[in-house]
Amino acid sequence: MKKHLHAFRATVLLSAKEKSYFGFFNQLAQYLLKAATLGALIMIWNSLFAAGVDTDGMTLQQFCVYTVMSTVLAPLMDIRTPASGWLHEGTLLRLYLRPTGLFSQLAAYTLGGALQPLLFLSMPVAAVSLLFGMDLTPASAWFFLSLPLTVLQGFAVDLLFACLLIRLDGLEWVIHDLRGAMTALLSGSLIPFAALPGKLGPILQLSPLGTLAGAPLALYTGMAQPVKILPAQIIWNLILWPLAAKCLAASRERMVCYGG
Amino acid sequence: MAGNVKKTFRLLRLYAKMDLEWILQDTRAVIIILLSETVSNLCSMAGILLLAVRFGGIGGFNADQMLFMMGFFELGGGLCSMLFGNFNVMHISRRVGRGQMDHMLLQPVPLLSQILSEGFMPFSGSGQLLLGIVLTVFSLCRLQLTLTVTWFLLLCYYLIVHTALLLGQSFIYGSLAFSRPVAAEEISTMILDVNSELGRFPLFSLPRPLAGILCTVLPSGLLAWFPSMVLLGQMDLTVSLTLPFVVSTLFVLTAVTVFRKGLKYYEKNSCNRFKDMGFRR
């Protein structure tokens with residue numbers, strides 16, 4: 001057990017220190033893109049509130065904090081293990097040759113990989129928001145339970161997407177784009193569910209993707225009550241994890257890696 | 001000159017045929033790609049659109065006008081992707097950064113003809129364009145605009161501007177890959193992503209200097225928001241014709257100049273990632 005923990009910690013550190021293949025400036029440009037989207041959304045909230053629209057009692061502060069925190073917590077709420085990319089490149093096969101489990105290796109690489117964006121994107125965004133006078137205190141302490149559940153569920157969802165990639169014979173970029181667009185809308189990481197029209201928000205809030213980003217953010221900003229959200233998160237974890245493990249086991253024989 | 005034009009059209013026909021043959025050979029993959037492209041494009045614009053529906057509009061646009069703007073964005077993006085989407089022509093930094101320019105320079109066809117024809121995929125690359133057409137027609141039906149010949153000419157004009165701006169930016173920034181092949185390999189993708197993210201936002205709420213930047217230096221505002229303002233009759237025609245023309249022309253001219261300089265650098269230094277069978281094939 002101790003040996004495995006040591007290997008896990010070493011892999012996390014290795015992954016955290018790993019340089020991006022395309023270099024730091026490439027990474028920085030991606031962070032700037034995220035910051036630009038954040039700025040555009042905050043401008044939209046400002047314009048909506050300036051126009052005096054009916055927001056069902058929600059405040060501009062809540063919307064702005066939601067948007068800021070969705071960027072700050074993005075590396076934890078949108079879990080992307082290297083499984084899909086490595087499957088395409090052929091690197092995934094080497095994980096099977098090591099004396100530790102596939103899940104723990106993927107988890108270690110993902111957690112390590114999240115450290116850089118947390119340092120270079122999340123912290124500056126949070127600091128700038130505080131400087132602008134935004135109150136980033138969570139509205140509910142249940143958020144601290146919701147976030148780990150989101151991270152756990154995120155791993156399961158990512159593995160299911162990797163299985164989908166295997167089933168579709170490695171159409172990596174198609175799945176990548178599809179996933180990016182779908183999770184942005186359906187996970188609530190871009191627009192709060194409370195701002196969606198009709199019954200769409202409450203329905204999405206309890207969906208498997210909606211409980212990813214939407215759940216902790218809604219609790220953080222006080223846009224939703226934990227009574228419905230937390231049980232939904234627990235239920236989806238209980239459903240998605242066995243499903244992901246089963247799908248991955250079934251897909252193992254179907255893996256085709258290009259290599260190179 | 002006339003010979004080169006003929007050659008380009010012959011190549012376009014050839015690439016269209018190859019695209020059709022691919023569809024006939026691997027229909028399953030094409031259907032999956034088209035479907036997922038449609039879903040991902042719908043999802044990308046749905047967020048802003050749903051906000052417009054929920055709050056009765058954003059800034060100066062009501063929900064139907066926002067739908068038109070999104071439709072126009074998909075129309076422009078779809079046209080660009082159908083004409084230049086294949087073989088990384090739009091993402092030119094990948095071709096340059098992977099040392100694949102040699103493969104182009106070896107061909108007995110002018111480089112410009114190759115750039116204008118290689119990306120053409122009229123069948124498998126038409127998903128976004130079809131989505132754009134459906135959304136634009138649907139929004140126009142709801143808006144009940146009076147459509148004239150001038151209006152259609154304006155629509156075509158702004159679609160050309162959209163394409164010129166995207167390609168221009170991709171080639172300007174992509175030329176960095178001549179000197180920095182690894183670091184800048186994905187720079188065209190990144191600049192296209194910036195445009196894709198910001199181009200869908202209406203800029204009404206931005207302070208004037210920022211809106212000015214987004215309509216000139218980083219012209220994502222000219223991709224859909226500005227044209228929609230004009231086509232929906234919310235802007236004076238003089239400015240609306242001049243600004244996109246000047247900006248897109250400048251971007252194209254700069255792209256040509258910068259890319260030529262890059263090619264000269266490449267002729268002297270080549271690329272350390274060159275492989276005869278193609279880096280990453």
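For chain A, the longest principal axis of the C-alpha atoms and the axis of helix A:60-72 are separated by about 20°.
Rounded to the nearest 10 degrees, the angle from helix B:63-84 to the longest Cα principal axis of chain B is 10 degrees. Could you state the angle between the C-alpha long axis of helix B:187-198 and the longest principal axis of the C-alpha atoms of chain B, as a value from 0 to 90 degrees rounded to the nearest 10? Relative to chain B, helix B:187-198 is tipped by roughly 10 degrees.
Taking chymotrypsin sites (Phe, Trp or Tyr not before Pro) across the stretch A:6-60, the ones in a DSSP loop with at most 13 further Cβ atoms lying within 10 angstrom of their Cβ are A:Tyr21.
Calculate the mean, over all residues of peptide A:194-203, of how many other protein chain Cβ atoms lie within 10 angstrom of the residue's Cβ. Numbers along the way, then the final one.
On the way: counts 1, 5, 6, 9, 3, 0, 4, 2, 0, 0.
What the average comes to for A:194-203 is 3.
Take the alpha carbon gyration tensor of the stretch B:1-68, find the square roots of its eigenvalues, order them as a ≥ b ≥ c, and report rounded if a/c is under 1.5; if not, report prolate when a/b exceeds b/c, else oblate. It is oblate, given that a/c is not under 1.5 and a/b is not larger than b/c. Protein heavy-atom surface of the stretch B:90-163, 1.4 angstrom probe: 73% of the accessible area is carbon and sulfur, with nucleic acids and ligands not counted.
Want the number for A:Glu89 to A:Lys3: 0.36 nm per residue separation, take away the alpha-carbon distance, what's left?
On the way: separation 86, 0.36 × 86 = 30.96 nm, distance 2.89 nm.
Gain on extension, A:Glu89 to A:Lys3, equals 28.1 nm.
Label-to-label distance, A:Lys246 versus A:Ala141, with points set 7 angstrom from Cα along the beta-carbon direction: 3.8 nm.
Summed over the residues of the stretch B:119-247 and divided among them, the accessible surface reaches 41 Å² per residue at a probe radius of 1.4 Å. Surface composition of the stretch A:22-158: carbon and sulfur make up 72 percent of the accessible area, probe 1.4 Å. In the stretch B:211-281, the portion of solvent-accessible area held by carbon and sulfur atoms comes to 65 percent [1.4 Å probe, whole percent, DNA, RNA and ligands not counted].
Under 10 Å, Cα contacts only: if you run a Gaussian network model on chain B, which one of B:Asn269, B:Asn195, B:Asn62 comes out with the highest mean-square fluctuation? Residue with maximal mean-square fluctuation among B:Asn269, B:Asn195, B:Asn62: B:Asn269.
Which of rounded, prolate, oblate describes the protein assembly as shown, given a ≥ b ≥ c as roots of the alpha-carbon gyration tensor eigenvalues and a/c under 1.5 marking rounded, otherwise prolate only if a/b is larger than b/c?
Numbers: a/c = 1.69, a/b = 1.13, b/c = 1.49.
Note, shape of the protein assembly as shown comes out oblate.
Here the simple spin-label model places points 7 Å from the Cα toward Cβ, and for B:Asp26 and A:Leu60 these points are separated by 5.2 nm.
Partner shielding of A:178-184 amounts to 6, given as the average count of beta-carbon atoms from other chains within 10 Å of each residue beta-carbon. Which of rounded, prolate or oblate describes the stretch A:80-160 when judged by the alpha-carbon gyration tensor and an a/c cut-off of 1.5? Prolate, because a/c is 1.5 or more and a/b exceeds b/c.
Each Lys and Arg Cβ is given +1 and each Asp and Glu Cβ -1; about its Cα centre, the stretch B:1-160 then shows a dipole of about 260 debye.
Using protein heavy atoms only (no ligands, DNA or RNA), what is the total accessible area buried between B and A, 1.4 Å probe, nearest 100 Å²?
3100
For the stretch A:6-14, putting each phi into the Karplus relation 6.51 cos²θ - 1.76 cosθ + 1.60 with θ = phi - 60° gives couplings of 4, 5, 4, 4, 5, 5, 4, 5, 4 Hz, in residue order, rounded to whole numbers and with x for Gly and Pro.
The values are calculated or read from the model by the stated rules, or taken from the named source; none is laboratory data. Computed from a prediction, not measured in an experiment: that's the story for all the values here. Methodologically, a virtual Cβ is constructed for each residue, glycine included, from the backbone with ideal geometry; neighbour enumeration extends over all protein chains shown. Protein only, heavy atoms only, side chains kept; ligands, DNA and RNA dropped before computing areas. Shrake-Rupley method; radii C 1.70, N 1.55, O 1.52, S 1.80 Å.
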